[in-house]
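These notes are about the structure you will find just below.
Read-outs throughout are calculated quantities, based only on the coordinates presented, and are distinct from any laboratory measurement. Bear in mind that the values here come from a model prediction, so they are computed numbers and not experimental data. Cβ placement follows ideal geometry from the backbone for every residue including glycine, while neighbour counts extend to all protein chains displayed.
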């Protein structure tokens, strides 16, 4: 019976080629536009959702109040980092790191210019953000002149060596700072704004041009390269922790600056908000996403989808008089109301299915046209995800 419904439905579509083509193409255009916009929104909301305990991970940021207004950035001063680690309750683990962009590095006489993704940090980084260890261990990051690489970066520097043979090899940064490879980890396979792939031990920074930034003990000197993330205890209340940070800020304010109306405060930014941060993201090749823009795009997608559906309904309504004769003949020949309903649903399903497949092709064309305006991480193969196919 079902096979017969689809057979007749296909015959009706084929016998009304012009009407069916207009119906299919107009619906496919609406579907493809909303489809691509939907993938863009899904892509931007998928960042850093895979970390264990991600709902308890926060970045500590700085805010500056002055008579001119309020500003801030994602970095914090060095003394705050140590104070949080030693004195602030409710924190399970805290990690501080410094982003580092050497102008070159040397590996076995090979020179790599302006490498990206390097940070100075310690083993606690791997206690908050979990990587799969392929060789070596994180404990070595407590020692000077050590570095951990991701598998991708290790293969870039040593394409002809196995991972076990890469351990112990030496990297020289800016012709002066030496680090031996003590570990190799597998990089993140899912979307993340933590694009780091070269983890140099924090003590090594004392031998580099970052020494002054790492050892700066002034509460009034902040650096955007100086970052801090914390993993809260399960029972920690954000309000209590924020109150403690406010107290620390007040206790360490510079009196002269306060007289002039300048105040420094510290805030907690959830990891889920990192991709939408007003302070930018660590991947300098991309910009942070804007939630208000994404919401506007979502409304546009819903409007286009609704427009396509309304047009689809109008076209079918316009054909109602012609189909009324067909319905009368079918009833005369003994068709039931249920059979007629399923017959029309079968036609609608076929039209929508064809439009859906066609929208995938149209969507790819839209992606190609606007690819230079999209994030470099956004790929059309996102369509293969079960969530997208289901939608």
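Can you give me the angle between helix 238-251 and the longest principal axis of the chain, using Cα atoms only, in degrees from 0 to 90, rounded to the nearest 10?
Helix 238-251 sits at roughly 40 degrees to that axis.
So if each residue of separation counts as 0.36 nm, and I subtract the Cα-Cα distance between residue 310 and residue 112, what length gain in nm does that give?
Using 0.36 nm per residue and subtracting the Cα-Cα distance, I get 65.6 nm.
For helix 291-318, what angle does its Cα long axis make with the longest principal axis of the chain, in degrees from 0 to 90 and rounded to 10?
10 degrees
Gain in length, residue 22 to residue 49, computed as 0.36 nm per residue apart minus the alpha-carbon separation, to one decimal in nm?
This chain segment gains 5.6 nm when fully extended.
Ratio of region 55-169's C-alpha Rg to 2.2 N^0.38 Å, to two decimals?
The reported ratio for this selection is 1.34.
Return the single residue from 278, 55, 372 with maximal mean-square fluctuation; model: Gaussian network over the chain, springs between Cα atoms under 10 Å.
Highest fluctuation among the options: 372.
Computed on alpha carbon atoms, what radius of gyration and Dmax characterise region 336-383, expressed in Å?
17.4, 55
Find the relative contact order for the chain and round it to a whole percent, using C-alpha pairs within less than 8 Å whose residues are 6+ positions apart.
29 percent
Arrange 263, 130 by Cβ neighbour counts within 10 Å, fewest through most, would you?
130, 263
Here are some values of semi-axes √(5λ) of the Cα gyration tensor in Å: (1) 57, 27, 18; (2) 31, 27, 22; (3) 56, 36, 19. Which one was computed from this structure?
Matching the structure shown: (1).
For region 55-276, what is the convex hull (Cα atoms) projected area averaged across all directions, in square nanometres?
The directionally averaged projection comes out at 13.1 nm².
So what's the back-of-envelope 222 nm ellipticity for the chain, counting only DSSP H runs of four-plus at -39500 (n - 2.57) apiece and dividing by all residues, rounded to 500? Don't skip to the end; give the middle numbers.
Numbers: 13 runs with 170 residues, N = 391.
Only helices count here, giving -14000 deg cm²/dmol.
Got the relative contact order for region 55-276 handy, in percent, Cα pairs under 8 Å and 6 or more residues apart? Kindly include the intermediate steps, with their values, before the conclusion.
Values: 450 pairs, mean separation 77.9, N = 222.
Dividing the mean separation by the residue count of region 55-276 yields 35 percent.
In a Gaussian network model over the chain where Cα atoms closer than 10 Å are linked, find which of 160, 77, 220 has the largest mean-square fluctuation.
Result for the chain, Cα springs under 10 Å: 160 fluctuates most.
Efficiency by 1/(1 + (r/R0)^6): what FRET value for residue 385 and residue 349, r their Cβ-Cβ distance, R0 = 35 Å, to the nearest 0.05? Before the final figure, lay out each step's value.
On the way: r = 24 Å, r/R0 = 0.67.
Efficiency computed from Cβ-Cβ geometry: 0.90.
What percent does the relative contact order of region 168-254 come to when contacts are Cα pairs within less than 8 Å and at least six residues apart?
19 percent
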